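Notes follow once the structure below has been shown.
The values are calculated or read from the model by the stated rules, or taken from the named source; none is laboratory data. Being a predicted model, the structure only gives us computed values, none of them experimental. All Cβ positions, even for glycine, are placed from backbone atoms using ideal geometry, and neighbour counts span all protein chains on display. Only protein heavy atoms, including side chains, enter the accessible area calculation; ligands, DNA and RNA are left aside. Shrake-Rupley method; radii C 1.70, N 1.55, O 1.52, S 1.80 Å.
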Amino acid sequence: MADVISYIGLGSNLEGPVQQLSNALEALRQLPQTTFVSCSSFYSSKALTLNDDSVAPDYLNAVAVIETGLDAVTLLDELQAIEFSQGRRRDGERWASRPLDLDILLYGNESIATERLTVPHPEICQRDFVLQPLAEVAPELVITGQGSISSCLDACPKMILEKSPCPKR
Ligand code: ROI
């Protein structure tokens, strides 16, 4: 199969987010059949939570671009192995704080809807902490089923995001 460009969302709000994201980027560089293309700056923001009164540590987010020969499910397996090796436990709590979250945001132009995997990631366009780093690495991107990244950014509720250089670029 021809290699596919995939955008990976990274997030962390526990156990040293800068180190968590740096280690995850290093792990992405080591993926089989995969070339690491680029990564965005790091973006820090308040946790988006289910109810505003719940307190969670701030998040650090970034987006990495890879070119991969792995099929989407194998890529997901690899990402979950990285999450697990960095302390993530899957206890089913969707809104829980976590040391590391790795999401396949886009996998080429493919639309995937299975029990394990929905691509494009269904929440890309509602989340400023995903859109801003994504727009940094791919300003001309068109999101399958959604339109241009700039139109998604215009429509997305704004968050305060503090940007710092990616230490592992
Ligand atoms: N909030 C921010 N700011 N960044 C995240 O990555 C993030 N991830 C989550 C929820 C709980 C939705 N909140 C977040 O899973």
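Things to note:
- Remark: pairs (first residue in segment 140-152, open to solvent by 40 Å² or more (accessible area, probe 1.4 Å); second residue among the polar types (S, T, N, Q); Cβ separation under 9 Å; 6+ apart in sequence or on different chains) = Glu140/Ser148; Glu140/Ser150; Val142/Asn109; Val142/Ser148; Thr144/Asn109; Thr144/Ser111; Gly145/Ser111.
- Residue count for segment 1-53, restricted to those that are free of Cβ contacts under 8 Å to residues at least 60 places away in the same chain, within 16 Å of the ligand (Cβ to nearest atom) and in contact with an Asp or Glu (Cβ under 7 Å, 6 or more places away or on another chain): 1
- Segment 118-128, subset open to solvent by less than 10 Å² (accessible area, probe 1.4 Å) and under 20 Å from Ser44 (Cα atoms), residue nearest to the chain's Cα centre (by Cα): Ile124
- For segment 1-56, the set of residues classified as of a type in the set (D, E, K, R) and in contact with a Gly (Cβ under 9 Å, 6 or more places away or on another chain) consists of Asp3, Glu15, listed by residue number.
- Single residue of Ser44, Ser40 found to be crowded, with 19+ Cβ neighbours inside 10 Å and among the small types (Gly, Ala, Ser): Ser40
- Flag if Leu131 is at negative phi, in a strand (DSSP E or B) and open to solvent by less than 40 Å² (accessible area, probe 1.4 Å): no
- The residues of segment 54-102 that are modelled with pLDDT under 95, within 16 Å of the chain's Cα centre (by Cα) and among the charged types (D, E, K, R), listed by number, are Arg88, Arg94, Arg98.
- Filter result for Thr34 (at pLDDT below 95 and either more than 18 Å from Cys166 (Cα to Cα) or not hydroxyl-bearing (Ser, Thr, Tyr) (or both)): no
- Residues (within 15 Å of the ligand (Cβ to nearest atom), outside any loop (DSSP other than H, G, I, E, B) and open to solvent by 40 Å² or more (accessible area, probe 1.4 Å)) located in segment 86-117: Asp103
- Just one of (1) within 16 Å of the ligand (Cβ to nearest atom); (2) outside any loop (DSSP other than H, G, I, E, B); (3) hydrophobic (A, V, I, L, M, F, W, C) fails for Ala56. It is (2).
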